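The values are calculated or read from the model by the stated rules, or taken from the named source; none is laboratory data. Source: prediction; values computed, not measured. FYI the Cβ positions are ideal-geometry reconstructions off the backbone, even for glycines, and counts take in every protein chain you see.
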Amino acid sequence: MRTDQIKSGESEPHWLLDYKKAETVNTWPLIAYLVTAMFCLGFSTICHLCYVKSPRISKIVSNLDYWGISVLFLGSAYPFISYKYACGPYIFWRYIFVCIITLFTIACMVITVKSAFVNPLNRAILFTSFGVSVLIPTVGL
């Protein structure tokens with residue numbers, strides 16, 4: 001692009017700088033991350049404070065701790081996906097990835113409540129696969 005084209009308005013913007021196709025990026029992903037981090041830390045605090053009260057309460061607060069971890073995975077993925085896929089044809093993929101990771105989070109929260117996942121190996125496999133699924137949009141497209 002030459003300088004005289006820019007001054008006369010004849011030039012087409014470069015594809016990286018095509019702001020007409022870009023969506024305004026807000027601060028909601030960062031706020032979502034901070035809220036989910038506080039949610040995770042709050043539930044972890046409740047778990048560690050109340051775990052020794054009784055077996056029934058320890059089961060409840062341990063599930064809350066795992067819910068906090070699931071929600072933190074979700075909240076830490078929102079900013080990256082929202083900012084990486086904010087322009088042009090990638091906006092569609094942003095909504096797809098956010099919906100998929102949100103559904104995975106809900107599924108992970110439901111699965112951790114099941115008694116079959118009391119085994120630490122099952123929970124480790126569940127959270128490892130969930131963490132890997134959050135990394136897919138990182139290397140995708």
Next on the checklist: Out of LEU141, LEU103, I need the residue that is at pLDDT 90 or above and loosely packed, with under 12 Cβ neighbours inside 10 Å. Which one?
Outcome noted: LEU103
Checklist entry - Within region 119-128, which residues are in a helix (DSSP H, G or I) and surrounded by fewer than 12 Cβ atoms within 10 Å (Cβ to Cβ)? => result PRO120, LEU121, ALA124, THR128
Checklist entry - Does ILE81 meet the test of being at negative phi and surrounded by fewer than 16 Cβ atoms within 10 Å (Cβ to Cβ)? => result no
Checklist entry - How many residues are touching a residue at least 40 places away in the same chain (Cβ under 8 Å), of a type in the set (Phe, Trp, Tyr) and in contact with a Phe, Trp or Tyr (Cβ under 9 Å, 6 or more places away or on another chain) when one looks only at region 88-105? => result 2
Checklist entry - Would you say CYS87 is within 19 Å of THR138 (Cβ to Cβ) and touching a strand residue (DSSP E or B) at 6+ places or on another chain (Cβ under 6 Å)? => result yes
Item to check | Subset of region 61-96 [within 13 Å of the chain's Cα centre (by Cα) and among the charged types (D, E, K, R)] | outcome: LYS84, ARG94
Checklist entry - Do we have GLY42 as of a type in the set (Gly, Ala, Ser), under 16 Å from the mean Cα position of the chain (by Cα) and assigned to a helix (DSSP H, G or I) here? => result no
